[in-house]
Number of protein chains: 4
Amino acid sequence: MSGSTFGTLFRVTNFGESHGPAIGCVIDGCPPGLTLSEADIQQELDRRRPGTSRFVTQRNEPDTVEILSGVYDGRTTGAPIGLLIRNTDQRSKDYSEIARQFRPGHADYTYWHKYGIRDPRGGGRSSARLTAPTVAAGAVAKKWLAEHFGVAIHGFMAQLGGIEIPFESLEYVGQNPFFAPIARTQELEQYMDALRKRQDSCGAVIRVIASGVPAGLGEPLYDKLDADIAYAMMGLNAVKGVEIGAGFASARQLGSEHGDSITPDGFATNNAGGILGGISTGQDIDVRIAVKPTSSILTPRQSVDVEGNPVEVVTKGRHDPCVGIRAAPIAEALLALVLMDHALRQRALMGDAGLPAME
Amino acid sequence: MSGSTFGTLFRVTNFGESHGPAIGCVIDGCPPGLTLSEADIQQELDRRRPGTSRFVTQRNEPDTVEILSGVYDGRTTGAPIGLLIRNTDQRSKDYSEIARQFRPGHADYTYWHKYGIRDPRGGGRSSARLTAPTVAAGAVAKKWLAEHFGVAIHGFMAQLGGIEIPFESLEYVGQNPFFAPIARTQELEQYMDALRKRQDSCGAVIRVIASGVPAGLGEPLYDKLDADIAYAMMGLNAVKGVEIGAGFASARQLGSEHGDSITPDGFATNNAGGILGGISTGQDIDVRIAVKPTSSILTPRQSVDVEGNPVEVVTKGRHDPCVGIRAAPIAEALLALVLMDHALRQRALMGDAGLPAME
Amino acid sequence: MSGSTFGTLFRVTNFGESHGPAIGCVIDGCPPGLTLSEADIQQELDRRRPGTSRFVTQRNEPDTVEILSGVYDGRTTGAPIGLLIRNTDQRSKDYSEIARQFRPGHADYTYWHKYGIRDPRGGGRSSARLTAPTVAAGAVAKKWLAEHFGVAIHGFMAQLGGIEIPFESLEYVGQNPFFAPIARTQELEQYMDALRKRQDSCGAVIRVIASGVPAGLGEPLYDKLDADIAYAMMGLNAVKGVEIGAGFASARQLGSEHGDSITPDGFATNNAGGILGGISTGQDIDVRIAVKPTSSILTPRQSVDVEGNPVEVVTKGRHDPCVGIRAAPIAEALLALVLMDHALRQRALMGDAGLPAME
Amino acid sequence: MSGSTFGTLFRVTNFGESHGPAIGCVIDGCPPGLTLSEADIQQELDRRRPGTSRFVTQRNEPDTVEILSGVYDGRTTGAPIGLLIRNTDQRSKDYSEIARQFRPGHADYTYWHKYGIRDPRGGGRSSARLTAPTVAAGAVAKKWLAEHFGVAIHGFMAQLGGIEIPFESLEYVGQNPFFAPIARTQELEQYMDALRKRQDSCGAVIRVIASGVPAGLGEPLYDKLDADIAYAMMGLNAVKGVEIGAGFASARQLGSEHGDSITPDGFATNNAGGILGGISTGQDIDVRIAVKPTSSILTPRQSVDVEGNPVEVVTKGRHDPCVGIRAAPIAEALLALVLMDHALRQRALMGDAGLPAME
């Protein structure tokens, strides 16, 4: 149990390394009868694909997904869905130096200390490339949730480095390379171009919102909906913080202002972020995550090698100057996986009748 | 699987309601040979106990724990440890009105929509009282971690409402009713007294630090150490945000400043909060959580009843004006449970030899 | 994860030792709305209770169950159901000799080698007494299955030592101390009386049948319904064999005789024992288990002590001369737990509509 | 959670259908540092491969395995091991008739009732072909167990139809197409040839023995070693019975003859089959399984179609006349998986020092 399975009823088991033969996942527990094709999955993979703008890594991976099982005649059968993505752009090179030293802020150090052995090729298992199977699985969850409950999930950038990005409209998110909900992104482009010149990287804040989520999802005492969302998001590479609803701002609020009033027409506000007592209220689920700056930068850094000797590390190769940029579709996928899992858990407990808001 | 079990190898199964006959938990997976008495557990329970100062709920519960199993001759045997805490201060009263209306910001609404039935007595299953068994289980984990690796875990208040609390020293934490690491707490006392007069409640930020944690704990891809910490903390009643290391501040950092340099003597800084790639580095694990203001306040609030009719809700009874105050020992317990679970997972994978830092 | 939790969605976590303060369990995942009282559980516990005839152990335990949580106003709430049974007949005695030597055929030897520590009081955790919480949890599952699908589960004795017991009628099962489906049990009584005089013990075969089980329960590839039944039954103390349907006799059958023909009115025979491809067919689930003779006998046996020195062991105390006798209600409970768990799993996967036979 | 994952710490997630693009599995939790190549796995796959004699199905599948991940530089890294086997011999044909009717004794009927949809190509998910990934994963477990504890696991035929096969020597097992431990197999060959002429199939009994297993494996109360073995074996296609040690014969034994005496040199007998109280004793683990006759036979059978109309079913195609023949290597793999999982569980609980017999 090396922690590579996500979920309890809708279970996604992830495998692969950045520069091995292939990456992929097995989805176990998908209900039968869902129409599903490779195109359904590919469109989500294409959103997180590298090489789509000058602001992300230039690694050129088509990330073509193959469905190996679990689908017959265009519909899921209830059997596990095997998904395979071949790695194609592994440049052969000499990893002997990389294998012997630890990049500051990178998982090199901890993988070495944990396992006593490390696949150094392109970050191995710790590479952000391993989010692709998560996105693929999330595409299946998204489709089921949309068809059954009309759930819609949208991730977008809320902050780039020090620049806070106002929310204008979801329609803009797909129209710029930043997943930013704004019409004009020149400021962001200039910031990123300057950053690249300095050979540095920056952090970001991503926000994800799910609408149409039925009330009643979440299993207290421990497997609360917000707990599982926090698990999912904090487990995403480079994430250092997770907020739901008012988040850290709630520490400064009074009870009289935080608690969302309820009217016959619904909640008046959404400080709760759609979750009370660990269970969905039926309002929008509203999540924000803090993404740290990429550790792989060209600026020389002080570090040590595997024998503990001091070294100066410069990370060459093709890296994202802001991993937060491509995090939006991944965060969407993770939220979809959590909601899907909890929808099945609620159905197990209550049957169809027990999901009154699910229609 | 109603989500009442915490952990994978060191498993804690929690049961009980605020005003039922008893609360408690079963710990399955505790290694044999640990010396353990009820006093070991009681001392941690007493730290989170209500009624200890005028700043917390005046409910008077001795919270006396009984070990039902798993310990023979003063030592754990490897069998499940059953822990029982009888509820003693359930005032009998008429719950018919409470049972029919939803307090804003409270789990009433979601329990009703999830289960179609709700135990209204003192918040039932959603009461913060149910953190007591978590604290009891955490006491066992703490003891094992301390004896095997010298791990020490300290929770304390970092912010009360809008007041940021500077870190002075851990020695002060036990000397004031706020778990504040400062010598003089008059400002906090005045703030709380004013709050009570206004019949309102406030939020807080709690910080928890674990030192002595061996490198190598955490299971990527999904069950990363930080992911499991986020799950644990976000699942704690009233928590709306979790940060590790630089947290949300890392979104504003550059890669050149965020990544912690490594020297032959160790890491130069700790922006990572002791975790890289989801695995512990051997540095301090550093976590911050945002606790929202209590929803149960005397100020009248607008809400609806179970038929959807508008009602004005006033919550009487004995409630914490700042649930964050008692959150410090609970957050410690949760961090202990996560670390304990991951220590056993690492031992399964690597054996003793694979834990080089564990000595 | 010391293996003390049974099930995946309807989870039973068992705790306690034979002579500790208490035994019990926590049921997590019981759907809300089930009417449940202590009497519902007690009646099943009374069926397996010791001291009810001269053919079982004379230990006098009332085995009174207390519901600690999860039930409000006579109905389950969806919260965990804590069940407690106090141990009352622990005779204090000197266990120092027992603690130092291993009874042949008993778990003494393996507990010692596994844990390096052992609770010797009355068999500790390995005592058949620990089946009581399983029976209590099974009572809840039985009630839900009966109310929702009309499932009825009957266990009875099919063989006592070398005596094969023909099936006459279920109505006789409750009318004799052997759970035998025959009107006249003099032969069994004489056999047991002779056995006791010889200070020996004997084995048995128990058969359990569940009728009314909907088609569609079971999760291939691994968590097949028959696989989980085998797990449940083989895990029962003293069981050394499990058969489903034709069982071992099927090894001698031809395909043309084994495969149950299907007619518009249903299956013509039931060699399958109600399970095909690991999934229930809607026919009776038909299971047989072999129970070994009790290892605790008065006849002196050759063994060793904890230092490996040869010793002669005579087990005094109050023991069942045939543990198979009380196994029938326990086997029923185990089958109920498996069916309950798989009913919830099927409901998660398919919703209400996906259980066409469940009406 | 459609039940396609085997194990708790050494987890194998199986995917694929008989005639889909590929079958395979993901092994999560394999300790790092094990030398592993595709050849190590292929040799076990070749033992269960079809088409190797006239007594098994003539389907011609090379079953070539590809390692997709988890191995670097010839050694496991601790990351999940993805294993892929492409299906190559799927003859395209018209499945419309097969899809509409149910073969007696086959999973057609139950898959249809469970999922409401069924992949009819070659048995789909219910095909015995899906044991190949299990065998592949078992090869990894076998290798680890052999290198760490010298565990050796041998499966062989103990009964073919009505013919009991005496145990002569393990050396013969690999020398005949029946996995029979006897020098001369003419009687078996004649029996099978006669069976084929009658267009019928037969059952078998397979025995599996593991030697070198350290004492202390198994997690009472529920996840006992024998319970998990029974789960594994009963979950194997066509298995209807499982025995450990004396098995069903123990029902006829007296306590004085069943309990294995212990001497300073070890146990005198092995009625326990190497397991007491659900925990390994250090003796040979001794398991027997009953395999029913293949349901796919050329003899016409009475059945119904999906609308419930009576039909006569004749199964054409290439099928094993005795699925028991190829069951020996699969049963070995399953036993290896159970032992591996419990070895890691024991290591989690006790560390290296807690496995005194493991050396």
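Since every read-out is calculated from the coordinates, none of them should be taken as a lab result. Only a predicted model underlies this, so the values are computations on that prediction, with no experimental measurement involved. Cβ: placed from backbone, ideal geometry, glycine included. Neighbour counts: every protein chain shown.
Report, in degrees rounded to the nearest 10, the 0 to 90 angle that the Cα long axis of helix B:186-197 makes with the longest principal axis of chain B.
Around 30 degrees separate the two axes.
As I understand it, the value is the acute angle between the Cα axis of helix C:327-350 and the longest principal axis of the Cα atoms of chain C; what does it come to in degrees, rounded to 10?
That works out to roughly 40 degrees.
What's the ranking of A:50-57, A:248-255, D:134-141 by average number of surrounding C-beta atoms within 10 Å, highest first?
Taking the mean over residues of other Cβ atoms within 10 Å, the ranking is D:134-141, A:248-255, A:50-57.
Grab the DSSP H runs of the protein assembly as shown that are 4 residues or longer, score each as -39,500 (n - 2.57), total them, divide by all residues and round the 222 nm result to the nearest 500 deg cm²/dmol.
Computed ellipticity for the protein assembly as shown at 222 nm equals -7500 deg cm²/dmol.
Between residue A:263 and residue D:198, what is the spin-label point distance in nm, taking each point 7 Å from the Cα along the Cα→C-beta axis?
Going from the residue A:263 label point to the residue D:198 one covers 8.1 nm.
Could you work out, residue by residue across D:162-170, how many beta carbons of other chains sit within 10 Å of that residue's beta carbon, and then give the average as an integer?
Neighbouring Cβ atoms belonging to other protein chains average 1 per residue here.
Charges at C-beta only: +1 for Lys and Arg, -1 for Asp and Glu. How large is the resulting dipole of the range C:265-359 about its Cα centre, in Debye rounded to 20?
Charge dipole of the range C:265-359: 300 debye, to the nearest 20.
With point charges of +1 on the Cβ of Lys and Arg and -1 on the Cβ of Asp and Glu, referenced to the Cα centre of chain B, which listed residue (B:115, B:294, B:313) lies farthest in the positive direction of the dipole?
In chain B, that residue is B:313.
Place the label 7 angstrom along Cα→C-beta at residue A:316 and in each other copy, then list the distances from the first to the rest in nm, shortest first.
Those label-point separations list as 6.3, 7.7, 8.2 nm.
Work out the mean other chain Cβ neighbour count within 10 Å for the residues of B:63-73 and drop it here as an integer.
Mean partner shielding for this stretch: 5.
So what are the three principal axis dimensions of the range B:139-280 from its Cα atoms, in whole Å, longest to shortest?
Largest to smallest, the principal-axis extents are 52, 39, 31 Å.
What is the packing order of peptides B:209-221, B:298-310, taking the mean over residues of other C-beta atoms within 10 Å and listing the highest first?
Most protected by this proxy first, the peptides run B:209-221, B:298-310.
Going by alpha carbons, how many degrees (0 to 90, nearest 10) lie between the helix axis of C:38-48 and the longest principal axis of chain C?
That works out to roughly 60 degrees.
Once you charge only the Cβ atoms, +1 for Lys and Arg and -1 for Asp and Glu, what is the size of the charge dipole of the protein assembly as shown about its Cα centre, to the nearest 20 debye?
0
Å³ per residue of the Cα convex hull, for chain A?
Convex hull volume per residue, Cα atoms: 152 Å³.
Evaluate the charge dipole of chain C about its Cα centre and quote only its size in Debye, nearest 20, assuming +1 on the Cβ of each Lys and Arg and -1 on the Cβ of each Asp and Glu.
1200
Classify the range A:46-176: rounded, prolate or oblate, from the alpha-carbon gyration tensor (a ≥ b ≥ c, eigenvalue square roots; a/c under 1.5 rounded; otherwise prolate if a/b is larger than b/c)?
Oblate, since a/c reaches 1.5 and b/c is not below a/b.
Assign one of three labels to the range A:86-152, namely rounded, prolate or oblate, based on the Cα gyration tensor with a ≥ b ≥ c the square roots of its eigenvalues; rounded applies when a/c is under 1.5, prolate when it is not and a/b is larger than b/c, and oblate otherwise.
Prolate shape, in that a/c is at least 1.5 and a/b is the bigger ratio.
Among B:87, B:14, B:176, whose mean-square fluctuation peaks in a Gaussian network model of chain B (Cα, cutoff 10 Å)?
B:176
Given C:78, C:24, C:9, which one lies farthest toward the positive end of the charge dipole of the range C:1-103, if we put +1 on the Cβ of every Lys and Arg and -1 on the Cβ of every Asp and Glu?
Among C:78, C:24, C:9, the one farthest towards the positive end of the dipole of the range C:1-103 is C:24.
Which net charge results when you count Lys and Arg as +1 and Asp and Glu as -1 among the other residues whose beta-carbon is under 13 Å from that of residue A:303?
Charge balance near residue A:303 sits at -4.
How many partner chain Cβ atoms sit within 10 Å of a residue's Cβ in peptide C:195-203, on average, as a whole number?
Across the residues of C:195-203, the mean count of other-chain Cβ atoms within 10 Å is 4.
Can you bin the range D:251-345 into rounded, prolate or oblate? Criterion: square roots of the alpha carbon gyration tensor eigenvalues sorted a ≥ b ≥ c, rounded for a/c under 1.5, prolate for a/b above b/c, oblate for the rest.
Prolate.
Taking a point 7 Å out from Cα toward Cβ as the label site, list the nm distances between residue D:86 and the same residue in every other copy, smallest first.
Sorted ascending, the copy-to-copy spacings read 0.8, 7.0, 7.1 nm.
Straight-line reach from residue B:93: which lysines fall under 30 Å, measuring Cα to Cα and dropping same-chain residues less than 8 apart?
Answer for residue B:93, where 30 Å is the Cα cut-off: A:224, B:114, B:197, B:292, B:316, listed by chain and number.
What percent does the relative contact order of chain D come to when contacts are Cα pairs within less than 8 Å and at least six residues apart?
Worked out over chain D, it gives 21 percent.
Compute the signed sum of charges (Lys and Arg +1, Asp and Glu -1) over the other residues within less than 10 Å, Cβ to Cβ, of residue A:54.
Charge balance near residue A:54 sits at -1.
Once you've got the GNM for chain D with C-alpha springs shorter than 10 Å, pick whichever of D:292, D:142, D:197 has the biggest mean-square fluctuation.
Taking springs between Cα atoms under 10 Å, the residue moving most is D:197.
Return the single residue from D:335, D:160, D:34 with maximal mean-square fluctuation; model: Gaussian network over chain D, springs between Cα atoms under 10 Å.
D:34
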